[in-house]
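Report on one structure; see the data block that follows.
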Amino acid sequence: MPISQPRSPEVYLNLNVRGMGPSATLAINERSRQLLAEGRQIYRLGLGQSPFPVPPHVRDSLANNAHQKDYLSVKGLPALREAVVDWVNRTEGLDYSVDNILVGPGTKELMFLVQLVYYGDLVIPSPSWVSYAPQARIIGRNIHWLRTRPETGLGVEPEALEELCAQDPERPRLLILNSPSNPTGLCYDAEQLQALAEVLRKYRVLALSDEIYSGTHYSDDHVSLARFYPEGTIISNGLSKWCGAGGWRLGFFVFPQGLSWLADAMAAVASETFTSTSAPIQYAAVTALEDRPEMHSYLLHSRQILAGLAGHAYRTLSDAGAVLSQSAGGFYLFPRFEHHRPGLASRGIANGQDFCERLLEETGVAVLPGDCFGRPTQELSARLAIVDFDGTGALHKAETETVDEDFVRRHCDRVTTAVERLAEWASA
Ligand SMILES: Cc1ncc(COP(=O)(O)O)c(C=O)c1O
């Protein structure tokens with residue numbers, strides 16, 4: 001009798017995970033890398049990573065804290081939680097307790113935890129950042145995509161929220177509001193936030209205000225939803241975008257006193273999962289949140305460059321007939337090419353996926369299709385991340401030169417060229 005081969009356990013994947021691929025953003029990056037390896041010129045407008053370096057004084061702080069080796073408190077280093085409290089007080093004029101700050105290895109992880117710990121439907125606008133919905137799916141939450149309109153920049157409208165909540169007023173819900181927005185560049189102003197707050201309060205909806213791009217608001221006018229709905233809003237922020245430190249993996253949530261039960265429950269789960277966030281990074285984050293002239297200057301120049309680039313991209317794309325709103329903050333634009341549909345169809349391009357694949361193959365420009373952000377598959381939309389340039393060099397130049405159209409053409413030419421190629425290709 002032949003000895004039968006030992007067999008590994010059967011594939012019993014969690015059904016919520018079955019069929020899931022890696023995040024769409026990573027897939028486009030992978031294809032870009034392949035083409036690059038084949039010697040092709042690739043313009044990376046797919047992945048939304050900051051083009052700027054971590055500010056030197058924050059890097060120095062990290063180097064000086066390399067010896068910090070102890071596990072830290074699960075909610076975060078007390079000095080960092082104090083720094084977060086001071087920072088929110090300085091930037092938003094709101095008061096929080098250090099006990100209600102939760103530090104984590106990136107806000108993405110904390111978002112997963114809040115969806116796990118809070119029991120409620122996820123409510124997000126279409127389009128929304130790529131990971132909110134997959135996280136809900138993994139956990140097994142319902143997802144409700146709010147209808148949006150181009151006239152209002154594809155953002156959350158109080159009427160749409162009211163309509164949803166009125167259907168089942170007692171139902172627990174978590175709304176994620178992202179401002180400045182990935183993927184649209186939309187920034188909500190005080191009046192819009194006030195109107196949304198009224199509906200949120202009426203139905204006691206839990207709100208997660210994803211403000212990870214706050215420091216990149218082009219006119220430095222970022223306003224938190226927490227100013228208008230303090231009792232129901234968790235502020236989410238971190239070092240990944242405005243501080244250029246995505247790979248450092250540090251984010252934090254700020255809870256009002258009435259939601260301390262949620263902060264405590266998340267901390268309990270955190271203690272059984274990631275334990276605590278990297279110690280040296282937490283010490284460096286204290287420095288990043290300090291009120292320092294170096295930081296103000298870094299943020300000012302980052303914003304000027306991003307605003308200049310976003311302005312150039314907006315003009316180029318709208319002149320070519322794309323429909324989009326002007327970005328007011330962040331790294332992104334979200335054009336739609338419906339007017340180009342007949343021409344694109346004659347070239348065999350029928351949806352956003354075709355659009356992005358063919359664009360990459362034919363011009364080397366990598367962008368993401370709108371369906372990754374919850375838009376209909378057929379829609380000819382795409383998200384552009386205007387980040388493929390030498391951020392260190394551009395920041396340096398911005399200290400002595402005026403940031404205008406000419407500046408971005410000279411110092412961010414990969415992005416300006418890519419956007420021009422895209423506009424030309426779509427109209428061909
Ligand atoms: C809108 C938005 N929210 C949250 C995140 C997650 O950021 P992190 O986990 O680096 O804090 C990102 C990152 O791309 C993002 O674009």
Spatially proximal lysines relative to Lys75 (Cα-Cα < 24 Å; intrachain offsets below 8 disregarded)
Lys108, Lys241
What residues have an amide H closer than 5 Å to that of Arg383, excluding those fewer than 5 places away on the same chain, when H is modeled at 1.01 Å from N in the peptide plane?
Leu368, Gly370
Pulled fully out, how much extra length does the chain show between Asp404 and Arg31, if you take 0.36 nm times their separation in residues and subtract their Cα-Cα distance?
131.0 nm
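For the stretch 234-359, which whole-number percentage of the solvent-accessible area (1.4 Å probe, protein heavy atoms only) is attributable to carbon and sulfur atoms?
Details: 2360 of 4310 Å².
Answer for the stretch 234-359: carbon and sulfur cover 55 percent of the accessible area.
Given a cut-off of under 8 Å on Cα pairs at least six residues apart, what relative contact order in percent is computed for the stretch 296-352? Present the calculation step by step, with values, prior to reporting the outcome.
Details: 45 pairs, mean separation 14.7, N = 57.
Averaging sequence separation for qualifying contacts and normalising by length gives 26 percent for the stretch 296-352.
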Mind checking the dipole of the chain: about its Cα centre, +1 per Lys or Arg Cβ, -1 per Asp or Glu Cβ, Debye to the nearest 20?
1120 debye
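Per residue of the chain, what 222 nm ellipticity follows from adding -39500 (n - 2.57) for every DSSP H run with n ≥ 4, rounded to the nearest 500? It would help to have the intermediate numbers written out before the result.
Numbers: 15 runs with 178 residues, N = 428.
-13000 deg cm²/dmol, from helical runs alone.
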Rounded to 5, percent antiparallel among DSSP beta bridges of the chain:
45 percent
Under 8 Å for C-alpha pairs, at least 6 residues apart: give me the relative contact order for the chain, rounded to a whole percent.
22 percent
Size of the dipole of the stretch 76-222 about the Cα centre, Lys and Arg at +1 and Asp and Glu at -1 on the beta carbon, nothing else charged, in debye to 20?
620 debye
Per residue of the stretch 99-109, what does 6.51 cos²θ - 1.76 cosθ + 1.60 with θ = phi - 60° give for ³J(HN,Hα)? Whole Hz please, x for Gly and Pro, Karplus curve as stated.
5, 9, 10, 10, 9, x, x, x, 6, 4, 5
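Compute the FRET efficiency between Glu159 and Lys202 as 1/(1 + (r/R0)^6), taking r as their Cβ-Cβ distance and R0 = 22 Å, and round to the nearest 0.05.
Values: r = 13 Å, r/R0 = 0.59.
So, using R0 = 22 Å, E works out to roughly 0.95.
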Alpha carbon convex hull of the stretch 5-77, projected area averaged over orientations, nm²:
11.7 nm²
Determine the dipole magnitude for the stretch 247-347: charges of +1 sit on the beta-carbon of Lys and Arg, -1 on that of Asp and Glu, nothing else is charged, the reference point is the Cα centre, and the result goes in debye to the nearest 20.
540 debye
May I ask you to give the solvent-accessible area per residue for the chain, in square angstrom, as obtained with a 1.4 angstrom probe?
43 Å²
Label-point separation in nm, Glu338 to Asn65, each point 7 Å along Cα→Cβ
4.8 nm
Based on alpha-carbon centroids, what's the gap between the stretch 50-94 and the stretch 370-407 in Å, whole number please?
27 Å
Express in whole angstrom the spacing between the alpha-carbon centres of the stretch 183-210 and the stretch 105-146.
16 Å
Could you compute the FRET efficiency for Glu191 and Arg358, with r as their C-beta to C-beta distance and R0 at 41 Å, rounded to 0.05?
0.50
For the stretch 273-428, the charge dipole (Cβ of Lys, Arg +1; Cβ of Asp, Glu -1; about the Cα centre) points to a positive end, and the Cα of Gln282, Ser297, Val367 closest to that extreme belongs to Val367
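Could you give the length gained on full extension between Arg7 and Gln257, defined as 0.36 nm per residue of separation minus the Cα-Cα distance, in nm? Mind dumping the intermediate values first?
Values: separation 250, 0.36 × 250 = 90.00 nm, distance 5.29 nm.
Length gained, Arg7 through Gln257: 84.7 nm.
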The stretch 1-80: chymotrypsin sites (Phe, Trp or Tyr not before Pro) falling in loop per DSSP and having at most 10 other Cβ within 10 Å:
Tyr12, Tyr71
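The values are calculated or read from the model by the stated rules, or taken from the named source; none is laboratory data. The structure presented is a predicted model; accordingly, all values stated were derived computationally and were not measured. Glycine gets a Cβ as well: all are built from the backbone with ideal geometry, and neighbour counts include every protein chain shown. The protein model used for the area step is the full one, side chains on, heavy atoms only, and it has no ligands, DNA or RNA in it. Shrake-Rupley method; radii C 1.70, N 1.55, O 1.52, S 1.80 Å.
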